[in-house]
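Chemist: Submitted below is the structure of interest, expressed as structure tokens.
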Amino acid sequence: MLSLTGWLFGLTVAACATVLTAALMDPKLHIAACAIVALAIVLLAVRDHQQLITNGAPTSAVASSTARYLGLVWAWGALSVLAIYLFVLEKVWPEWWQFFIGFAFAAIASIAFSTLLDRDRAAGRADPVLAKVGRILVQVQIAGMAVGIVSLFVDHKFPRDVTHADWAGNNILLFGALAIAAISLGALRSPAHV
């Protein structure tokens, strides 16, 4: 499972790549950075899930891993949006702070849920209600990400030119949503949830 140090290192590298490419004002390069970050997090999550399942870990361990990786995606989005719209881009995107708050809340909730599962498991408890709530939350996130992805294309917000203040935010939104959906779908399909 991803250690706290690994989680913080991954978050720092992901946010730096996203923020630095936004500073270059090249949407294609920023899209590539967001795609690479999202893919890297998904691959780490899938690898972690497979190792846990292969080693016979309980369902709560897989659920905790899922929540931790979802938290990493949400935290990456929050930190990147905050840094880009406070310190990098000159054009003002009036809604940036709303996305930052939403992403930060989702990151904190994901990490809290993961910690709760880990504490229960360490105490020798398995709460089927908690596992069911986690499964429902993952399903809700998948539905929400699908709506978010579709709306970006329907509203012609992806891809965006740098003349639009929200261009970098929309790149983060799209690839963050794809990562959330992929990690969530992978977790729901894992044998540990059967």
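Chemist: Give the range 151-166 a look and list any residue that's part of a loop (DSSP other than H, G, I, E, B), more than 21 Å from Ile36 (Cα to Cα) and open to solvent by 30 Å² or more (accessible area, probe 1.4 Å), or say none.
Modeler: Asp155, His156, Thr163, His164
Chemist: Six or more apart or on different chains, Cβ atoms under 8 Å: show the pairs whose first residue is in the range 118-129 and within 14 Å of Val62 (Cα to Cα) and whose second is of a type in the set (Gly, Ala, Ser) and assigned to a loop (DSSP other than H, G, I, E, B).
Modeler: Within 8 Å, the pairs are Asp120/Ala126.
Chemist: Please work out if Gly186 is touching a residue at least 24 places away in the same chain (Cβ under 8 Å) and closer than 21 Å to Gln51 by Cβ.
Modeler: So Gly186 passes the test.
Chemist: Would you kindly identify the helices (runs of 4 or more DSSP H) lying entirely within the range 1-101 that contain at least 2 residues that are among the β-branched types (Val, Ile, Thr) and farther than 21 Å from Gly134 by Cα?
Modeler: By residue number, 4-23, 27-54.
Chemist: When you scan the range 110-126, do you find a residue that is within 30 Å of Ala23 (Cα to Cα), open to solvent by less than 70 Å² (accessible area, probe 1.4 Å) and either of a type in the set (Phe, Trp, Tyr) or assigned to a helix (DSSP H, G or I) (or both), even just one?
Modeler: yes
Chemist: So which of Gly176, Gly169, Gly148 is open to solvent by 20 Å² or more (accessible area, probe 1.4 Å), part of a helix (DSSP H, G or I) and not β-branched (Val, Ile, Thr)?
Modeler: Every option except Gly148 fails the conditions.
Chemist: Another one. Across the range 77-93, what is the number of residues that are open to solvent by less than 80 Å² (accessible area, probe 1.4 Å) and within 22 Å of Thr163 (Cβ to Cβ)?
Modeler: Qualifying residue count for the region: 8.
Chemist: Consider the range 1-55. How many of its residues are charged (D, E, K, R) and either touching a His at 6+ places or on another chain (Cβ under 8 Å) or closer than 20 Å to Ala182 by Cβ (or both)?
Modeler: Of the residues in that region, 2 qualify.
The values are calculated or read from the model by the stated rules, or taken from the named source; none is laboratory data. Since this is a predicted model, take the numbers as computed values, not measurements. Counting neighbours? That spans all protein chains shown, and the Cβs are built from the backbone with ideal geometry, glycine included. For accessibility, only protein heavy atoms count, side chains too; no ligands or nucleic acids. Shrake-Rupley method; radii C 1.70, N 1.55, O 1.52, S 1.80 Å.
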